[in-house]
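Colleague: Below you'll find the structure I mean.
The values are calculated or read from the model by the stated rules, or taken from the named source; none is laboratory data. This is a predicted model, so every value here is computed, not measured. Here the Cβ positions follow ideal geometry from the backbone for every residue, glycine too, while neighbour counts run over all protein chains shown. Heavy atoms of the whole protein, side chains included, go into the accessibility calculation; ligands, DNA and RNA do not. Shrake-Rupley method; radii C 1.70, N 1.55, O 1.52, S 1.80 Å.
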Amino acid sequence: MKRLEEKLGYTFQDRGLLDNALTHSSCANESRGKLQSNERLEFLGDSILGMVVAEHLYRNHPDLPEGELTRTRAALVCEESLVEVARDLGLGDYLKLGKGEETGGGRTRPSIRADAVEAVLAAVYLDGGIGSARKIIQKYILSREIEGLNAS
């Protein structure tokens, strides 16, 4: 986990938040109530990611109309983009999966990896606030902005 924190550029005060962010529902279900899945964190992380990206685009591109802003945001926060972030972080190595998901290739499943990125962003937000989450979003997602603008 220390290596993941180094890649994130963030050290958790509450390591339990990071553990929760990496716990897939298949693992939580097999734990018989001992572990909570990352689904609630994923829900929060999706909103945090969308808000930070939207604010950045709004502030930095006053010339772009709403439709272009929407397309650019969508390109930056889509599953494919989040899978690239997960790959850069090596997030698949840290996921806690149930036995079936593990044997079925869950570590490389795009939806699971993208969801884990959102959950980790929420964990960072809850642990260190919006500024800490924003730094990670800037480093791993907004750095791809040129690609997003070219895709729109």
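Colleague: Take the Cα atoms of segment 1-115, find their three principal axes, and give me the spread along each one in whole Å, biggest first.
Modeller: Between the extreme Cα coordinates on each principal axis of segment 1-115 lie 51, 31, 24 Å.
Colleague: With a probe of 1.4 Å, find how much accessible area the chain has per residue, and write the answer as a whole number in Å². All intermediate terms of the calculation are to be shown ahead of the outcome.
Modeller: Details: 7980 Å² over 152 residues.
Computed with neighbouring chains in place, this is 53 Å² per residue.
Colleague: Out of residues 5 or more away from Thr23 or on other chains, whose amide H comes under 5 Å of its own, with H placed 1.01 Å from N in the peptide plane?
Modeller: For Thr23, the qualifying residues are Asn38, Lys96.
Colleague: Shape of segment 13-66 from its Cα gyration tensor (a ≥ b ≥ c, root eigenvalues): rounded if a/c is under 1.5, otherwise prolate when a/b > b/c, or oblate? Spell out each step's value before the answer.
Modeller: On the way: a/c = 6.11, a/b = 3.03, b/c = 2.01.
The shape class here is prolate.
Colleague: OK, next. Greater than 19 Å separation of Cα atoms is the criterion. Which listed pairs, Lys7/Lys135; Lys2/Lys96; Lys96/Lys139, meet it?
Modeller: Numbers: Lys7/Lys135 12 Å; Lys2/Lys96 16 Å; Lys96/Lys139 25 Å.
Flagged as over cut-off: Lys96/Lys139.
Colleague: Through the Karplus equation 6.51 cos²θ - 1.76 cosθ + 1.60, θ set to phi - 60°, convert the phi angles of segment 107-119 into ³J(HN,Hα) values in whole Hz; use x for Gly and Pro.
Modeller: With the stated coefficients, segment 107-119 comes to 4, 10, 5, x, 5, 5, 5, 5, 4, 5, 4, 4, 5 Hz.
Colleague: Contour minus end-to-end for Glu6 and Leu64, with contour as 0.36 nm per residue of separation and end-to-end as the Cα-Cα distance? Each step should come with its number before you reach the end.
Modeller: Details: separation 58, 0.36 × 58 = 20.88 nm, distance 3.54 nm.
Full-extension gain reported as 17.3 nm.
Colleague: Which of these, Asn38, Asn29, Asn20, has the largest mean-square fluctuation under a Gaussian network model of the chain (Cα springs below 10 Å)?
Modeller: Maximum among the listed residues: Asn29.
Colleague: So what are the ³J(HN,Hα) numbers for segment 70-81, from phi and the Karplus equation (6.51, -1.76, 1.60; θ = phi - 60°), rounded to whole Hz, Gly and Pro as x?
Modeller: Running phi through 6.51 cos²θ - 1.76 cosθ + 1.60 with θ = phi - 60° gives 5, 5, 5, 4, 4, 5, 6, 10, 5, 4, 4, 5 Hz.
Colleague: Here is a further query. State the percentage of accessible surface on the chain attributable to carbon and sulfur atoms; use a 1.4 Å probe and exclude ligands, DNA and RNA. Can you show the working numbers first?
Modeller: Numbers: 3920 of 7980 Å².
Heavy-atom surface of the chain belonging to carbon and sulfur, 1.4 Å probe: 49 percent.
Colleague: Starting from the Cα of Lys99, draw a straight line to each of the lysines and keep only those under 24 Å, dropping any in the same chain fewer than 8 residues away.
Modeller: In chain and number order, the partners are Lys34.
Colleague: Additional query: Subtract the Cα-Cα distance of Glu80 and Leu44 from 0.36 nm times their separation in residues, and report this length gain in nm to one decimal.
Modeller: Working: separation 36, 0.36 × 36 = 12.96 nm, distance 1.91 nm.
Working it through step by step, the gained length comes to 11.0 nm.
Colleague: Let me ask another. Between Thr108 and Gln138, what is the FRET efficiency for a Förster distance of 30 Å, r being their Cβ-Cβ separation, to the nearest 0.05?
Modeller: Values: r = 27 Å, r/R0 = 0.89.
Once rounded, the FRET efficiency stands at 0.65.
Colleague: Quick one: what are the phi-derived ³J(HN,Hα) couplings along segment 19-34, Karplus 6.51/-1.76/1.60 with θ = phi - 60°, whole Hz, x for glycine and proline?
Modeller: Per-residue couplings from phi come out as 4, 5, 5, 9, 9, 6, 4, 5, 6, 4, 5, 6, 7, 6, x, 6 Hz.
Colleague: Moving on. Counting Lys and Arg as +1 and Asp and Glu as -1, what is the net charge of the other residues whose Cβ lies under 10 Å from the Cβ of Phe43?
Modeller: Values: positive: Arg40; negative: Glu39, Glu42, Asp46, Asp115, Glu118.
So the environment of Phe43 carries a net charge of -4.
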